[in-house]
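For reference, the structure is listed below as structure tokens.
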Amino acid sequence: MWLALSLLFFLLPLNVSSFRDISTTKTCFQEFSDEKYQFNSSGVYLTLYHPRSLCSPAPLPDLPFSTILVHDNSRVTFFEARLSKNVSTHPGSLSQELATIPLNPGTSVGTANYVTRIGLGTPSTSYVMVVDTGSSLCWLQCLPCSVSCHKQAGPIFDPEASSTYRRSSCTTSECSALESATLNPSACSRSNSCIYEASYGDGSFSVGYLSRDTLSFGRSSFPDFIFGCGQDNEGLFGRTAGIIGLARNRLSLLYQLAPSLGRTFSYCLPSTSSSGYLSIGSTKAGQYSYTPMVSNSLDASLYFLRLSSISVNGQPISVSSASYVSLPTIIDSGAVITRLPSAVYSALSKAVVAAMAGAPRAPAYSILDTCFKGSSSTLKVAAVSVTFQGGATIKLSANNVLIDVTSSTTCLAFAPANSVAILGNTQQQSFSVLYDVGNSRIGFAASGCQ
């Protein structure tokens, strides 16, 4: 932890223009010192950080927004391939001892997913992890990094330093469950250790040994937690140690903690200037408005819901009700830009442009074709509300509607979908979102991240 904190100072140039950053850094230090795991009989509460926040324990570099959109497209392209069952393969291997088997590309994780901390091992050590609702397997980098480890904030997990660590053999039930969690078949080492492969749409991947150890949140622990101990980890993972998967799969964090905490989690995704939370098991169910969690045979692990209407300044946009359900729709913590069926997007774009007729237009930016000169904080932004099946509605703030792509240009944070619609994280920011898997429903509350 202290390595991550000290690096923040070295990353900030000490000049007059950095006073705001220095002030933010001081706030971050206070936040780090105040941060603690909260655990009681009803759940676990973890602090969640925006991937590009200075307060993140593993902040990403300041990337141009065009780069973020490239990786956002990689993630969306993967979901499209995954739901069409047309996922390509590419070879990958760990070392000569381990079998070489094909890897399927998965979601892009490097630029848009939020991060938190977990404890692992005995004695417990803290690790910064990406939180991803589109992934199932949890994994982190492990010594001796037989092939490759990327640079991470804090120490790399050392299996030999944990008295409760053990590898899973090839005959275990968790090894048999790997393919449903990673979309890749498991392999077996010469010493009968189960090998996992987690691969992602941007070319990133992790390969290593499926393992068990004690997961901890402060003083509370969960023995025999199943995770991947990565020996070859390459790609866009930032400076995080690995990934926490929250999808609907027996190997995800949610399902492994379910016997103790139930199959419920919630989060509030923060902006770059604040922190949010991930809560597993503990909810205030009455504060949410709900939409059914839709079953879809295309992929049982993803979270599907159903759009029913969108309004701009209180008026429904001009599109048929059938257009909203013309594509399957998922909710995802990692996609930045919300994708809508093309007819719905076109109607939304026209309605927003009409409602903001006084705002000067700007050229299209990458996939974003509805852009304005200025920023979301300086323009009078149209009021957009999104309603889901059952009546659950999110009333979007200016920062949920527009996203600043440069210092002088802001764009509608929506784009047309090809074959899958996605509720992305820009529209989810500052809402409390509840995944009540046990009751097959998703809840929204405009409670902020406090």
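Values quoted throughout were computed directly from the atomic coordinates according to the rules given, and no laboratory measurement underlies them. None of these values were measured; they are calculated from a predicted model. Glycine also receives a Cβ, built like all others from the backbone with ideal geometry; neighbour counts cover every protein chain displayed.
Structure summary
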quantity: Cα convex hull of the range 225-272, projected area averaged across orientations, nm²; calculated: 4.9
quantity: Hydrodynamic radius (Kirkwood) for the range 245-303, which is based on Cα pairs only, to one decimal in Å; calculated: 13.3
quantity: Debye intensity ratio in log₁₀ form over the Cα atoms of the range 381-450, taken at each q of 0.12, 0.18 Å⁻¹; calculated: -0.38, -0.81
quantity: Centroid-to-centroid separation of the range 313-346 and the range 219-276 [C-alpha atoms, Å]; calculated: 28
quantity: Out-of-range pairs (alpha-carbon distance over 25 Å; input Lys350/Lys380; Lys85/Lys151; Lys350/Lys395; Lys284/Lys380); calculated: Lys85/Lys151; Lys284/Lys380
quantity: Range of Cα positions in the range 340-383 per principal axis (Å), largest first; calculated: 29, 23, 15
quantity: Ranked by how many other beta carbons lie within 10 Å on average, peptides 64-73, 242-251 from highest; calculated: 242-251, 64-73
quantity: P(r) histogram, all alpha-carbon pairs of the range 118-256 included - 5 Å bins from 0, percent; calculated: 2, 11, 22, 27, 22, 13, 3, 0
